[in-house]
Every structure is written in structure tokens, then in C-alpha cells.
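Contents: one structure, followed by commentary.
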Amino acid sequence: MSRDKRGGLGRVGSFWHSRVISIISISMVLFLLGLVVLLGLVGSGLSSYVREQVTFNVVLTPDADPDEVAQMQRDLRKEPFVREVVLHSKEEALEELTKELGENPEQFLGWNPLSPTFEITLGEAYVASADSLQLVERRLEQYRLTQSLGYRQDLVDKLNDNIRGLTLVMALLSGLLLLISMVLINNTIRLLIYSRRFLIYTMKLVGATSRFIRRPFVWYNIWSGVMAAIVAGGFLTWGWYYVRNHYPLLRSVLTVESGLIVLAVVLVLGVVISWLSATAAVSRYLRMDVNKLYRA
């Protein structure tokens, strides 16, 4: 085999080696970014789920007429803050209390001392702040049959504080990882274009415009970003299916929509960061003096 052929094969091998290394490096970074986005969506879904478990107990007057109770239940279902409302009748409450005490209070009192109760599950938005809960409380007190309200204010406050703290930590972690990812991808692309710096200078010498020179490098790295996003998306999809199949409790938050959002974010970041990094790197060598090219 002639020296020219061996040299040509060597350059082709070096080209594909550099491209594969670049795609692997970018895909690893995009995988970490996608993982953080996925964790953020899971955290948001879990916080919504936990908040929706908060309930208001509306104790009615003991002598409330059944028809009026039924009408109140219909009215409550129309309230914007109500996600679900369940009626516990006096008889159900007495049966539950009898199970807990081991004896029936009605047998020695001669009457049922308990009241019908509505158990109201609120929408997530109305549990997120103390002001919203106070508005709900005031609205429920306006109903004529309402005798008293009951909910764990301290538990709700602690829940909201924990969710806000977790959200802040996730936001800071996401921002830091995004910054690190941009630096790593930028350095990977700069090293790839560094090996072509003399080609860039030669094209400039023969009169090629900056836009003409920049275009193939930018498209080359955009496609590298797309392929890296596909690789990262494949691993993220595998992890998504694995968690859904092995942890059934997370299926409600690991929805198809959340998976598609993660894949879309990974693809967009792969394309945008690669595009910006390639444009900046080529522009740098276009402005560079020939003497500095040897020292770069």
C-alpha cells in the first residue's frame, strides 16, 4: 500500500475517532443534564401528589337535614378549590368510633353524639400557601351547616417549607450542572475544531467568506449534538422504563409526557450548545493571526 493511501486512511481513521470521542463526551454530559431534568419533573410530580393528599374535615351540625347535606355536597363540588369531596355520615362515624373504642357510645348515651363530616381534598394550588388555605377556610365557614373545620396547619406549613427547600436545591443544582455542561461541551468542540485551524486559515486565504467557512463546521457539530442527544436519550429511556417497571409507586409521576419533555430538552440542549460552541470556536480562529495559530 502506498504512503499516500496509508496517510489517507490514517486521516479518515483519525476523523472518525475524533468524531466518536466527541459524540461520546457530549452524550455523557447530555445524559447527566437529562437525568437532572427527569429528577426535577419527578420531584415536581411527587410534591403535587403529596399536596393533593392534604384534606379539610368539615364537621356539620348534628341535626343537619340529609337533603341539605346532599345539596351542600353538590355545592362544594362546584368550588374551584375542591378536587374531591367525600361525605361521612353520622352512622359511618359512629361505626368507626365503635371499632376504635370497642364499644358503641350510642348504647349508653341513648343517641348518636357524632356529626356528619365532609372530607375535602384540595387542589394543589390551594395548598401551596397559607393565604390560599385561609381563603378556603373562610369560604367553608360561610356554609350554614358548617360547625367546625379541621386540618393540620403545622403539617401543611412543614410540607410547603420542605418542598420550597427541595425546589431551590434542584434549581441550583440544575443551573450549576448546565453551566458545567456548557463548558465541557464547548471545550470538546473547541478541541475538535482546533485540529482544523490551519484548514480554516487556508480557506480564508483563498477568499472564502466567514459565513462560508463557518457553515460546515457548525452543521458538523450540530449533527454531532443530535447524535449525542440520541445516545443520551436512549440511556434515559432505558432508565425511565426500568424505574417504572421496578417502582410502581413512581408510575404516576413518570408519565409519557415527562419522558417526552426530558428527551426534547436533551435534544434542544445538544443542538443549541453545539451550535453556539462551534460558532464561537470557528470565529476565534477566523480572527486569529497566522503566527498565533502555531502557538494556539
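FYI, it's all coordinate maths here, none of it is from the lab. All values reported here derive from a predicted model rather than from experimental measurement. Note that each Cβ is placed from the backbone with ideal geometry, even for glycine, and that neighbours are counted across all protein chains shown.
The table below gives the values:
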item: In nm, spacing of pseudo-spin labels at Ser195 and Arg211 (7 Å Cα→C-beta vector); result: 3.0 nm
item: Protection-proxy order for peptides 69-77, 48-56, each taking the mean of Cβ atoms within 10 Å per residue, highest first; result: 48-56, 69-77
item: Pair Leu32, Val268: separation of 7 Å Cα→Cβ label points (nm); result: 2.2 nm
